[in-house]
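The values are calculated or read from the model by the stated rules, or taken from the named source; none is laboratory data. This is a predicted model, so every value here is computed, not measured. In this analysis, Cβ positions are derived from the backbone assuming ideal geometry, glycine residues included, and neighbour counts consider all displayed protein chains. What goes into the accessible areas is simple: the full protein's heavy atoms, side chains included, and nothing from ligands, DNA or RNA. Shrake-Rupley method; radii C 1.70, N 1.55, O 1.52, S 1.80 Å.
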Amino acid sequence: MAQRKSRKRGNPASTGRSSKAPTKRPPRGYRLSARTINRWTRVVIYTMLSGYAVGAVLALIGLLIHDDTMPALGLGVAALVTAVALVGGAYLGGQSLARFGGLVALGFLAGVGLAIGGKALAPWVPALGVVIAALSAIGLILLGVRRRVPMWLGARNDGSPNN
């Protein structure tokens, strides 16, 4: 009879439940599946290659018909496709780490862009771009450490002296 009363009260010793609160296990690996990551990687690569092909064809047509604006248009198409592929790849790479990791990756690209071309806006903008890029890079590294994804910096260390 006493055992029934203790179960009614919710005594952890009698119900078999642990008295400690369950701890959340840290995630392991990427947020997206390997199949999804491979699929989007192929999409980004094929987009870049097709954009380069269109740019090269436009430039060659311009050279053949002696139009001076067509090679510049071909270069512009190739540059635009490269920028779109970089933005898409950065966003998807960040999303594979965390829910809003894509925004951190886009912040990194914005910081790099400001660091490279910010001098045209104001003299202090490149320094701001470096700070934004550095903070975003630290954020991406922390997201990767939290997700326990494989990361490395630098060359391999397989023990051979010819690295």
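If you go through segment 143-151 one residue at a time, do you hit one that is outside any helix (DSSP H, G or I) and open to solvent by less than 70 Å² (accessible area, probe 1.4 Å)?
Let us first name the residues in segment 143-151 that are outside any helix (DSSP H, G or I), namely 148-151.
Next cut, open to solvent by less than 70 Å² (accessible area, probe 1.4 Å) only: 149.
Taking every residue of segment 143-151 in turn, at least one turns out to be outside any helix (DSSP H, G or I) and open to solvent by less than 70 Å² (accessible area, probe 1.4 Å).
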### Query
Given the conditions (1) surrounded by 13 or more Cβ atoms within 10 Å (Cβ to Cβ); (2) closer than 16 Å to residue 149 by Cβ; (3) hydrophobic (A, V, I, L, M, F, W, C), which single one is not true for residue 138?
(1)
### Message
Looking at 31, 35 in this structure, which one is open to solvent by 70 Å² or more (accessible area, probe 1.4 Å), under 14 Å from the mean Cα position of the chain (by Cα) and among the basic types (Lys, Arg)?
### Response
31
### Which numbered condition residue 60 fails, given (1) of a type outside the set (D, E, K, R); (2) farther than 26 Å from residue 132 by Cα; (3) open to solvent by 80 Å² or more (accessible area, probe 1.4 Å); (4) at pLDDT below 90
(4)
### Task
Six or more apart or on different chains, Cβ under 8 Å: which pairs go from a residue in segment 76-92 that's polar (S, T, N, Q) to one that's surrounded by 18 or more Cβ atoms within 10 Å (Cβ to Cβ)? Could you list them?
82/48; 82/51
### Message
Can you tell me how many residues within segment 104-121 are touching a helix residue (DSSP H, G or I) at 6+ places or on another chain (Cβ under 9 Å) and exposed (fewer than 15 other Cβ atoms within 10 Å of the Cβ)?
### Response
4
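Within the group 93, 55, 88, which residue is surrounded by 15 or more Cβ atoms within 10 Å (Cβ to Cβ), modelled with pLDDT under 90 and in a helix (DSSP H, G or I)?
Values: 55 fails: modelled with pLDDT under 90; 88 fails: modelled with pLDDT under 90.
93 is the lone residue from the list that is surrounded by 15 or more Cβ atoms within 10 Å (Cβ to Cβ), modelled with pLDDT under 90 and in a helix (DSSP H, G or I).
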### Message
Can you tell me which residue is farthest from the chain's Cα centre (by Cα) among those in segment 67-108 that are among the charged types (D, E, K, R) and farther than 19 Å from residue 146 by Cβ?
### Response
67
